[in-house]
Structure formats: structure tokens, C-alpha cells
Amino acid sequence: MSFADKLRGQLIDIIEFLDDSRDTIVWRFPRQGNEIKNEAQLIVREGQVAVFENEGQIADVFGPGRYVLETKNLPILTTLKGWKYGFNSPFKAEVYFVATRQFTDFKWGTQHPITLRDPEFGMVRLRAFGTYALQVADPSALLRQLVGTDSNFRTDEIGEFFRQNIIGHLAPAIASSGIAMLDLAANQQSLSAKLAPALTAELAEYGVKIPRFVIENVSLPPEVEAALDKRTQMGVLGDLDQYTRFQTANAIGDAANNPGGAGEGLGLGVGMAMGTQMAQSIQAANAPRTAAAPAAGGPPPLPVTDEMWFYAVAGTQAGPVTPEDLGAQVRAGQVTRETLVWKQGLAAWTPAGDVPQLGALFAATPPPLPPVPPTGA
């Protein structure tokens, strides 16, 4: 090997970076003491920038394209080197390739619940997780603040650092949004859009931005979710009386499937209780209509409305009658203040004199005549 060939082997004439890792943010070209030849070619691909550094100082930055390295292409490095009239000899410089594409595989999540004040439930604790995209906006700032002399700076080196910054801004963002806890799911997209620019402004000093931020889920601690489930069940059940009857019927079926001993006793007791309860319910629901049923072959019953009255005569239910007919019975002495009456809306049979709606009927009725003394007294 001639001296010229040996010298040529120590010179670098093509500088480029083919990234097949998908997670490399910054990669330093491995010069290893070799010098860069004058008029060497620099190839920067889409999604990359090349940063030249000389003795710890950042010099020239090249975007995508093919370059022939000459004095006119390296104005800052030329100044740092003191080349007043250009250079014709090899030179030394650190070359860093910085990826400017979006890295979309970053994940975030709350390691501990976030305590917030909810307008409906008061103080609550929330957990959340999601993903975000990271992109280099200022390669020089990234090299100064985070990379340093790292020759292969990857995404896993900064994931935890940015996750902590995101969590630090998540709680204030949710609190200031004024969104109720139960409405967070419907507003996850708008909240994500609000957080992305806020995080970008916070992380600008590190030379990165957050072009996309996604909240995948917001959840509550298990004990709070259990309490909400109970509340939801009560809302779905609605009529608790009907639900009690349903549960009683299920208990009877379970007791029937467990014959002998306690099962029979339980089934008997529950059955008697349920029978009594159902009988009372049916009697209360059908009492007015049963009394109004006509005799065989008679006319159909009068329509029962809120203004139809029932009254008791010698322990027997009579009616329904209209308020006018009831007034006639009062005037005839068939209905007195002590007569029990009932209509829809009253909780129970009530003495007629205690019902405010019937007060006018008794006010216009004269009191009973005094007894006639016997003849010859």
C-alpha cells in the first residue's frame, strides 16, 4: 500500500446515516480520530438534520439534501477554525444526525391517583393513561440540554423524564377545565387538544414539541367505582318496592333448590311473608274497583275518577258516588261526620268530618233534632 493510499484510508469522504432502529433520536457519526476530507459529501435524508460540532461548540446545521463540504458551506465552522482564506486540507469535527420525524410510541400514565375537586362528587381521585408523539423542533437545544456527548441517544432515555412532565401538567389542566368527572370521557379529545400546546410550550427549552397528545382512559379507584355502581343500580331499579318483591321471589326459588332443614324453614317464612305482602298489594290496588263491580245483569259501573267517593254504611262499602250524591246522603242523614269515607288520593278511610273537601257539606246541614219527651211527662 502506497503512502497516498494509506492517507486516503484515513480520510472520510462520505458522511451519512441510515436509521433502521425506529427509536434513535440522535446518532453521532463514528469518526474515531479520522479526518473529514475537503470536499467530502454530506448526505442528509428526509426526517434528519446534521449538526457539526467543534470542540464542544455547535457550528453548522444542515437540513435534508446532498452537500459538498467546502468553506462556503461551513461558515460557522470556518470562523471557529480561523480559516480566513478557505481550507484545502482535512479537518476534524463531530457530526451528529438528529431525527426530526415524529416518534409516536411514547406512553404516559399516572403512577398514583390525581386528587381533584369535582363539582358534583366533591374530592375525587382519578387515574389516567394514554400516548403522545414527540418531535425535535430545535436540534441545537436538544444537543445542549439532553444529549451532551451521547453517541446514540434513544427514546427510552427520555421517556420517563417526559412522562413526569406530562403528569405534572395533567392535574392542573383537568382542574382548570371545569369538566365534571362523569363528563371527562366525552371531553377527552378536547382536553387532549388543550394539553398538547401547553406541553409544547413547557418543553421548548429542551428543543422538542408535542404534536399529538392522546388521553385513552380516565378511571377511578376500585372502591369509588364500586360506590358509583351501587348508585347506578339504584337508579336502574327505580321502584324499590317492586325490586323487593322480585328479590323475594328469587329467594323462594333458591330455598326450593335447597330442601331440608334451614332451606325449608326459610322457604316457608319467605313464602308467607311474600304471600301476605302480595295479598295486601293486590287488595289495595283493586279495592275501589271491586266495590264498584255491578250485580249480574246490571248496568256497567260508573267511571271512577278523582272526584268519586266511597262511604261505609253499617260496615259495608258503598259507592262510588259523585260529590253531589254524597251531599244528598249527608242531607238525608245517611252520611254523618263520623261516617268513614275514601277517594283516590286519601291514604286511608277517614271520618267525613275530618276531610277538608267535605267541610262545606256539613256546614249547611242542621244538627239532629233533640229527642221528643214522652207523653204525659
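The values are calculated or read from the model by the stated rules, or taken from the named source; none is laboratory data. Every value quoted in this text rests on a predicted model; they were computed, and no experiment measured them. Cβ atoms come from the backbone with ideal geometry, glycine included; neighbour counts cover every protein chain shown. Surface areas here come from the heavy atoms of the whole protein model, side chains and all, with no ligands, DNA or RNA. Shrake-Rupley method; radii C 1.70, N 1.55, O 1.52, S 1.80 Å.
Some observations on this one:
- Count of segment 168-193 residues, restricted to those that are modelled with pLDDT of 85 or more and closer than 26 Å to Thr100 by Cβ, is 2.
- Listed conditions (1) modelled with pLDDT of 75 or more; (2) β-branched (Val, Ile, Thr); (3) over 14 Å from Pro323 (Cα atoms) are all met by Val341, apart from (3).
- Count of segment 311-358 residues, restricted to those that are aromatic (Phe, Trp, Tyr), in contact with a Phe, Trp or Tyr (Cβ under 6 Å, 6 or more places away or on another chain) and buried (at least 20 other Cβ atoms within 10 Å of the Cβ), is 1.
- Reported count of residues in segment 57-109, each being polar (S, T, N, Q) and in a helix (DSSP H, G or I), is 4.
- On the stretch given as segment 17-69, residues that are in contact (Cβ under 8 Å) with a residue 60 or more places away in the chain and either among the acidic types (Asp, Glu) or more than 30 Å from Gly159 (Cα to Cα) (or both) total 3.
- The residue of segment 214-231 that is most open to solvent (accessible area, probe 1.4 Å), among those that are farther than 13 Å from Leu182 by Cα and touching a residue at least 12 places away in the same chain (Cβ under 8 Å), is Glu216.
- The single condition among (1) without any contact (Cβ under 8 Å) to a residue 60 or more places away in the chain; (2) among the hydroxyl-bearing types (Ser, Thr, Tyr); (3) farther than 30 Å from Asn34 by Cα; (4) touching a strand residue (DSSP E or B) at 6+ places or on another chain (Cβ under 8 Å) that Ser176 does not meet is (4).
- Filter result for Ile58 (touching a Leu at 6+ places or on another chain (Cβ under 8 Å), open to solvent by 20 Å² or more (accessible area, probe 1.4 Å), under 17 Å from Tyr206 (Cα atoms) and not aromatic (Phe, Trp, Tyr)): yes
- Unmet criterion (only one of (1) touching a residue at least 60 places away in the same chain (Cβ under 8 Å); (2) hydrophobic (A, V, I, L, M, F, W, C); (3) within 26 Å of Val49 (Cβ to Cβ)) for Leu182: (3)
- Here Glu120 meets each of (1) outside any strand (DSSP E or B); (2) more than 30 Å from Leu182 (Cβ to Cβ); (3) of a type in the set (Asp, Glu); (4) open to solvent by 50 Å² or more (accessible area, probe 1.4 Å) with one exception, condition (2).
- Among residues of segment 29-77 being small (Gly, Ala, Ser) and at pLDDT below 85, the one that is nearest to Val147 (Cα to Cα) is Gly56.
- Of all the numbered requirements in (1) farther than 30 Å from Leu184 by Cα; (2) open to solvent by less than 20 Å² (accessible area, probe 1.4 Å); (3) not in a helix (DSSP H, G or I), Thr149 misses one, and that requirement is (2).
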